[in-house]
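> Could you have a look at this structure, given as structure tokens, before my questions?
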Amino acid sequence: MTDPLSANPGFFLRLSALWRDIAGGRGTGAMPPLSPGLDDDDMGVVRQQLNACLEGKGGVVSAHARAASLGRAYLSLNEEGRIRFLGILAREFSTDHQAVIAAARALIEASSGGDTGAILAAETELGRTLTAPRRILLTQFNALPEGVKFLVDLRGELLTHIKTHPELRPLERDLRDLLTAWFDVGFLDLERITWESSASFLEKIITYEAVHAIQSWDDLKNRLDHDRRLYAFVHPRMPHEPLIFVEVALVNGISGTIGDLLDLEAPLLDPAQADTAIFYSISNAQSGLAGISFGNFLIKRVVETLRREFPGLKTFSTLSPIPGFRRWLDGVFAEGDIGPMSSAERKALRAVDDRGAKGALKRLIETDGWLTEEGGEEAVKGPLMRLCARYLAVERRLGSGEGVERAYDPVAHFHLTNGARVERINWRGDLSANGLRQSMGMMVNYLYKLDEIEKNHEAYQGNAVAAVSGTVKTLLKA
């Protein structure tokens, strides 16, 4: 996986230039050039600079210069050098456990004495010793131009390295905690992105779109037309970068195919006459903010905004991909548990392949014969729709918390957590190469029924029970 900083050379060059001016030439914060792979002697230079940043001599200007010089030094390294640099931070600037033990003992002793002043002083000292020096170092970049974006991308790099370098995990955890606090939803601005937005911001929308790739400027303009909306969360310290964005189509009735929504030739609708808002793409734009969730707040804020602008909107639904279905289906076939089939379905499958219904279904799917052979698509449709309903609404796996179940599909988990219900599975919803590869061309509508959101959320969070429509219940019982 390409690291986020190296993947954006324009940002890399701008950041290096910005910080060169702050670091100065041979002033307080200056560092000599480092070898790209950070050899042993240069590791000593990095340690010296890190300690100088912690000492904080010379006031704010000098502190900024040292941090900028340190950041430029990191940017000059290759992947091996960066890993060695991060290893120094992770190992040598961690919490002093002996100091923590001593502070904890002091707090216990103060508590037994009952002196409130001594207790408060001991608590303060314990809190200080629990703060790893590397957290203080990371915080210093917050004050630099583009420093917050640098830290976001730095965490993106760490996430690519921690599987092979688990010693970096504590550093990643500290950075995640800092970013979680800084990117609290209360600090974020909701912005509507239009064709009048800056070209650089629109280019980022094209780059970061992760669900339905934007094919051209005409495609983007269509997604920003007067019967469409695009909203993004933006942080004040990263005003030129979307954090997460959602694309919305204002239509009549719940849409079932993405091709209709993205059709450049489709007639425009007066949005004031629309009764339905379809959320058809939600993209996280910053890999370094993975696991820091504000997508649920984005949907709620956008719903509130749309309801104020268009009082005639009665229905809020998604048209969502089913990214893990094909992979899960391969596992089902490997185990042989595809469930019962009706006599009509068996007959249709045997008409295409006389090796038996289940064998025919397996062969048609694994070879993509269902797309090319006469009668193949109709033969597989019923079983696949039923299996997809099971995958979305029933299948579970353990989440991050021990013993906590979640929907097998990550997109389903996101929307069910937010209180949506599985409304409708759409055959031939996405016939793009990606849609066929991920989900056999199917898509799903998650319905946000405003008076049921809280109840649905509680049922899913507490018991992993998915809210489903009558149509989906019928598929589950078939």
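The values are calculated or read from the model by the stated rules, or taken from the named source; none is laboratory data. Keep in mind that this is a model prediction, so the values were computed, not measured. Positions of Cβ are generated from backbone atoms using ideal geometry, with glycine treated the same way; all protein chains shown enter the neighbour counts. Side chains included, ligands, DNA and RNA excluded: accessible areas come from the protein's heavy atoms. Shrake-Rupley method; radii C 1.70, N 1.55, O 1.52, S 1.80 Å.
> Looking at the stretch 150-192, which of its residues are part of a loop (DSSP other than H, G, I, E, B), open to solvent by 40 Å² or more (accessible area, probe 1.4 Å) and touching a residue at least 60 places away in the same chain (Cβ under 8 Å)? Explain how you work it out, then say what you get.
Filtering the stretch 150-192 for residues part of a loop (DSSP other than H, G, I, E, B) gives 162-165, 183-184, 188.
Checking which are open to solvent by 40 Å² or more (accessible area, probe 1.4 Å) leaves us with 163-165, 184.
Hit for the stretch 150-192 is His165, nothing else.
> Still on this structure: Looking at Tyr460 and the list (1) surrounded by 24 or more Cβ atoms within 10 Å (Cβ to Cβ); (2) among the aromatic types (Phe, Trp, Tyr); (3) over 22 Å from Val303 (Cα atoms), which single condition is not satisfied?
(3)
> Among residues belonging to the stretch 271-323 that are among the polar types (S, T, N, Q) and assigned to a helix (DSSP H, G or I), point out the one that is surrounded by the most Cβ atoms within 10 Å (Cβ to Cβ). Don't jump to the end; show me each part of the working.
Let us first name the residues in the stretch 271-323 that are among the polar types (S, T, N, Q), namely 273, 276, 281, 283-284, 286-287, 293, 296, 305, 315, 317-318, 320.
Right, trim to assigned to a helix (DSSP H, G or I) and you get 273, 287, 296, 305.
Working: Gln273: 12, Ser287: 18, Asn296: 15, Thr305: 15.
Filtering first and then ranking leaves Ser287.
> Another question about this same structure. Determine, yes or no, whether Thr194 is closer than 23 Å to Phe294 by Cα, of a type in the set (Ser, Thr, Tyr) and over 16 Å from the mean Cα position of the chain (by Cα). Spell out the reasoning first.
Details: closer than 23 Å to Phe294 by Cα: yes; of a type in the set (Ser, Thr, Tyr): yes; over 16 Å from the mean Cα position of the chain (by Cα): yes.
Yes; evaluated as a whole, the condition is true for this residue.
> OK, next. Can you tell me which residue is surrounded by the most Cβ atoms within 10 Å (Cβ to Cβ) among those in the stretch 9-23 that are more than 19 Å from Gln140 (Cβ to Cβ) and modelled with pLDDT of 60 or more?
Step one: of the stretch 9-23, the residues more than 19 Å from Gln140 (Cβ to Cβ) are 9-14, 17.
Adding the requirement that they be modelled with pLDDT of 60 or more leaves 11-14, 17.
Working: Phe11: 17, Phe12: 15, Leu13: 11, Arg14: 13, Ala17: 10.
Ranking the qualifying residues of the stretch 9-23, first place goes to Phe11.
Results for (1) open to solvent by 10 Å² or more (accessible area, probe 1.4 Å); (2) within 24 Å of Pro321 (Cβ to Cβ), shown as yes or no for each residue.
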site	(1), (2)
Tyr208	yes, yes
Ala213	yes, yes
His226	yes, no
Val234	no, no
Pro239	yes, no
Glu247	no, yes
Leu250	no, yes
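> Another question about this same structure. Would you tally the residues in the stretch 351-361 being open to solvent by less than 70 Å² (accessible area, probe 1.4 Å) and in contact (Cβ under 8 Å) with a residue 24 or more places away in the chain? Steps first, please.
From the stretch 351-361, those open to solvent by less than 70 Å² (accessible area, probe 1.4 Å) are 352-353, 356-357, 359-361; that's our starting set.
Adding the requirement that they be in contact (Cβ under 8 Å) with a residue 24 or more places away in the chain leaves 352.
Residues flagged as open to solvent by less than 70 Å² (accessible area, probe 1.4 Å) and in contact (Cβ under 8 Å) with a residue 24 or more places away in the chain within the stretch 351-361 amount to 1.
> I'd like the full set of residues that are open to solvent by 10 Å² or more (accessible area, probe 1.4 Å) and part of a helix (DSSP H, G or I), limited to the stretch 52-64. Reasoning before the result, please.
Applying the first criterion (open to solvent by 10 Å² or more (accessible area, probe 1.4 Å)) to the stretch 52-64 yields 52, 54-64.
The answer is Ala52, Leu54, Glu55, Gly59, Val60, Val61, Ser62, Ala63, His64.
> Conditions first: (1) outside any helix (DSSP H, G or I); (2) farther than 30 Å from Ser69 by Cβ. Pro145 passes all but one, so which condition is the exception?
It is condition (2) that Pro145 fails.
> Please pick out the residue among Arg72, Arg91, Arg26 that is open to solvent by 70 Å² or more (accessible area, probe 1.4 Å) and either at pLDDT below 85 or in a loop (DSSP other than H, G, I, E, B) (or both). Before you say what the answer is, go through the steps one by one.
Values: Arg72 fails: either at pLDDT below 85 or in a loop (DSSP other than H, G, I, E, B) (or both); Arg91 fails: either at pLDDT below 85 or in a loop (DSSP other than H, G, I, E, B) (or both).
Criteria check complete, one pass: Arg26.
> Moving on to the next point. Among the residues of the stretch 193-214, count how many are part of a loop (DSSP other than H, G, I, E, B) and over 29 Å from Ala272 (Cβ atoms). Please lay out each step first, then the result.
Narrowing the stretch 193-214 to residues part of a loop (DSSP other than H, G, I, E, B): 193-198, 209-214.
Next, from what is left, pick out any that are over 29 Å from Ala272 (Cβ atoms): 210, 213.
The total comes to 2.
> Can you confirm whether Val248 is modelled with pLDDT of 95 or more, under 22 Å from Ile425 (Cα atoms) and among the aliphatic types (A, V, I, L, M)?
Details: modelled with pLDDT of 95 or more: yes; under 22 Å from Ile425 (Cα atoms): yes; among the aliphatic types (A, V, I, L, M): yes.
For Val248, the condition - modelled with pLDDT of 95 or more, under 22 Å from Ile425 (Cα atoms) and among the aliphatic types (A, V, I, L, M) - is met.
> Between residues in the stretch 289-300 that are β-branched (Val, Ile, Thr) and residues that are open to solvent by 10 Å² or more (accessible area, probe 1.4 Å), which pairs lie under 6 Å by C-beta distance while being six or more apart or on different chains?
Ile292/Thr180
Yes/no matrix, rows are residues, columns are (1) under 20 Å from the mean Cα position of the chain (by Cα); (2) modelled with pLDDT of 95 or more; (3) open to solvent by less than 20 Å² (accessible area, probe 1.4 Å); (4) within 29 Å of Asp263 (Cβ to Cβ):
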residue: Glu373; (1), (2), (3), (4): no, no, no, yes
residue: Gly399; (1), (2), (3), (4): yes, no, no, no
residue: Pro410; (1), (2), (3), (4): yes, no, no, yes
residue: Gly441; (1), (2), (3), (4): no, yes, yes, yes
residue: Ile453; (1), (2), (3), (4): no, no, no, no
residue: Ala464; (1), (2), (3), (4): no, no, yes, no
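Conditions (1) in contact (Cβ under 8 Å) with a residue 12 or more places away in the chain; (2) under 33 Å from the mean Cα position of the chain (by Cα); (3) open to solvent by less than 50 Å² (accessible area, probe 1.4 Å); (4) farther than 30 Å from Val303 by Cβ, marked per residue:
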residue: Arg346; (1), (2), (3), (4): no, no, no, yes
residue: Leu349; (1), (2), (3), (4): yes, no, yes, yes
residue: Leu387; (1), (2), (3), (4): yes, yes, yes, yes
residue: Tyr391; (1), (2), (3), (4): yes, yes, yes, no
residue: Val394; (1), (2), (3), (4): yes, yes, no, no
residue: Val422; (1), (2), (3), (4): yes, yes, yes, no
